[in-house]
1. What's the total number of residues in the range 59-102 that are closer than 14 Å to ALA45 by Cβ, touching a residue at least 60 places away in the same chain (Cβ under 8 Å) and among the β-branched types (Val, Ile, Thr)?
2. Take the residues in the range 22-62 that are among the acidic types (Asp, Glu) and either surrounded by fewer than 12 Cβ atoms within 10 Å (Cβ to Cβ) or over 13 Å from the mean Cα position of the chain (by Cα) (or both), then tell me which one is modelled with the lowest pLDDT.
3. For TYR8, indicate whether it is at pLDDT below 95, outside any strand (DSSP E or B) and of a type in the set (Phe, Trp, Tyr).
4. Among the strands (runs of 3 or more DSSP E) lying completely within the range 63-105, list those that include at least 3 residues that are touching an Asp or Glu at 6+ places or on another chain (Cβ under 9 Å) and surrounded by fewer than 18 Cβ atoms within 10 Å (Cβ to Cβ).
Amino acid sequence: MAQLISPYNVGVPQLHTQPISPSKLYPNPAWEFVSLEFNVDKGQAFSFMIYDEQGRVTDKLLDRYCHDGKNVIQFNIAPLLPGTYFLKAIGDKGENIMVHTFMRK
C-alpha cells in the first residue's frame with residue numbers, strides 16, 4: 001500500500017444524489033424520444049444536458065424548475081447521430097444530480 005500525495009487539489013467529485021430518488025430513462029435504446037422519470041424531495045431548478053462518449057456537451061436540452069414529488073420530462077433525441085450518450089441533470093447549486101447512459105439507434 002502506498003499513499004499518493006499531490007500539491008494540487010485533484011480528485012473526482014462525488015455524485016450528489018441527496019435531493020433525488022432513483023430515476024429511470026426509457027425507452028433505451030431509442031430512435032426519437034426518451035422520457036426521464038424521477039422524484040425530487042425539494043423543488044429546485046435543473047439543467048439537462050447530453051454528453052457524447054468523449055465527454056463533450058452535445059446538447060443543452062433545457063433548464064426547468066422541478067417541483068417536489070414525481071417529475072417526467074420527455075426529450076427529442078432524433079437530431080443525434082446513432083451512438084451512446086449520457087444525459088446529465090445538474091442542480092441549481094451546480095451539483096451533478098443524476099447521470100443516465102442511453103443509446104440513440
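The values are calculated or read from the model by the stated rules, or taken from the named source; none is laboratory data. Not measured: the values here are computed from a predicted model. Every residue, glycine among them, receives a Cβ derived from its backbone with ideal geometry; neighbour counts consider all protein chains shown.
1. Number of matching residues: 1.
2. Among residues in the range 22-62 that are among the acidic types (Asp, Glu) and either surrounded by fewer than 12 Cβ atoms within 10 Å (Cβ to Cβ) or over 13 Å from the mean Cα position of the chain (by Cα) (or both), the one modelled with the lowest pLDDT is ASP41.
3. Yes; evaluated as a whole, the condition is true for this residue.
4. On the way: elements: 69-76, 83-91, 96-104.
Fully inside the range 63-105 and qualifying: 69-76, 83-91.
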